[in-house]
Amino acid sequence: MEPLGRAVRWTRDRPPYAVFIGLAFAMIVVLAVMAPLHLHNRANPLPAGAEQFQCAITDVSEPPTQPKAPAKVDDAIGESTLSILVGRGGARRERQSSHLAVDNAGRKVLPRGGTLNTSVTDLVRADGSVLPAAQVKTYATVSRDASYIVVHTCIDPRHPEVIDPGRYTGVVTLDDSRAYGAAVPVKVEIQYPYVEFILLAYLVAALAGLTWARFIRRMHTTPGPHGEPWSHFPVWLAALLVAVPVALAQAVSDRGWYGDLGQYVTLMTTVGATVIAAAPTLYAMAHVSSSGSPNTPDTPNTPDTPNVRDTSDTWDASDTEPREQKGEKAAPAE
């Protein structure tokens with residue numbers, strides 16, 4: 001218990017904000033050390049022998065005699081975009097489209113219950129990055145009565161290499177001599193796996209914003225003899241947490257966030273500005289809740305002095321003692 005007692009005495013002798021800064025930096029150091037250890041499994045390709053987590057390759061062989069009139073298959077229209085979400089763990093994902101109708105004449109051409117070849121355009125991210133073609137596998141299956149087909153799309157985010165996170169879009173179409181059409185828009189969203197780095201950037205930006213807001217406040221107010229009190233500790237903690245919804249909406253919940261330098265700069269700037277804007281309100285709320293008055297914390301909360309009328313020269317009938325006996329001089333007669 002002696003080390004704990006020393007820590008308590010050291011904390012008691014230090015300014016409250018210095019203790020707060022120390023705790024925040026300790027958390028940042030822990031995240032900086034532990035993050036690379038937790039990211040090892042997510043930042044490396046799947047090892048050999050993990051075929052059960054990879055997309056199965058479907059071989060489609062076309063008949064030697066090609067039909068004269070290939071079947072026409074309807075395209076996916078409206079809200080039929082095939083959306084594939086790859087989680088932060090990077091596991092394989094496979095999705096299939098809705099039923100795409102085949103024209104009546106084409107039903108005699110397609111193999112009932114068979115498989116058709118497909119092709120996929122480049123799946124491109126907003127910054128121009130392309131999803132590796134080796135990690136995207138597509139094919140189409142025909143229903144038993146050949147009235148419709150279904151397009152299948154499989155994504156291997158970690159085999160043979162790790163795919164960069166982000167939102168990729170493209171189109172899958174039939175590439176078979178027996179049918180044409182069946183254009184299916186595809187949207188692949190690979191979530192950013194390094195949440196620890198987002199938390200680390202958030203803490204640094206929020207702490208910088210809080211320090212700047214406190215510096216501006218100290219320029220316009222006069223601190224007490226012991227500096228800021230320990231009662232401001234919840235204010236500093238609330239200031240660090242006030243920008244959490246901003247980080248959630250901008251980075252964590254956005255499936256298309258891929259965490260390049262520009263996005264990190266935008267995130268940290270937004271978080272810091274939010275903390276700076278919210279700090280004065282939090283200080284005011286804390287003072288109102290503690291003193292019941294909206295005055296600033298460094299201004300004494302003194303009650304208003306009533307306007308008392310001076311009645312020293314007014315004679316009162318109950319005052320029977322002459323002024324001469326009170327030590328006062330009588331007013332000269334005119």
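Quick notes on this structure:
- Members of segment 163-182 found to be surrounded by 18 or more Cβ atoms within 10 Å (Cβ to Cβ) and among the hydrophobic types (A, V, I, L, M, F, W, C), listed by number: I163, V172, L174, A179, A182
- Among the residues making up segment 107-128, those that are touching a residue at least 60 places away in the same chain (Cβ under 8 Å) and either over 11 Å from V172 (Cα atoms) or in contact with a helix residue (DSSP H, G or I) (Cβ under 8 Å, 6 or more places away or on another chain) (or both) are V109, L110, P111, L116, V120, R125, A126, D127.
- For R167, the conditions (1) touching an Asp or Glu at 6+ places or on another chain (Cβ under 9 Å); (2) over 25 Å from V252 (Cβ atoms) are fulfilled apart from (2).
- Selection status of S80, closer than 14 Å to V186 by Cβ, among the small types (G, A, S) and either in a helix (DSSP H, G or I) or in contact (Cβ under 8 Å) with a residue 60 or more places away in the chain (or both): yes
- Restricting attention to segment 156-201 and to residues that are in a loop (DSSP other than H, G, I, E, B) and in contact with a Ser or Thr (Cβ under 9 Å, 6 or more places away or on another chain), the residue that is modelled with the lowest pLDDT turns out to be D164.
- Residue match in segment 118-126 (condition: small (G, A, S), assigned to a loop (DSSP other than H, G, I, E, B) and under 28 Å from the mean Cα position of the chain (by Cα)): yes
- Qualifying residue in segment 270-282 (condition: buried (at least 17 other Cβ atoms within 10 Å of the Cβ), within 30 Å of V162 (Cα to Cα), of a type in the set (G, A, S) and modelled with pLDDT of 80 or more): no
- Any hit, segment 187-198, residues being under 30 Å from A24 (Cβ atoms), crowded, with 18+ Cβ neighbours inside 10 Å and among the aliphatic types (A, V, I, L, M): yes
- Condition check for W236: over 25 Å from Q191 (Cα atoms), modelled with pLDDT under 80 and within 22 Å of the chain's Cα centre (by Cα): yes
The values are calculated or read from the model by the stated rules, or taken from the named source; none is laboratory data. Small disclaimer: the values here were computed from a predicted structure and weren't measured. Counting neighbours? That spans all protein chains shown, and the Cβs are built from the backbone with ideal geometry, glycine included.
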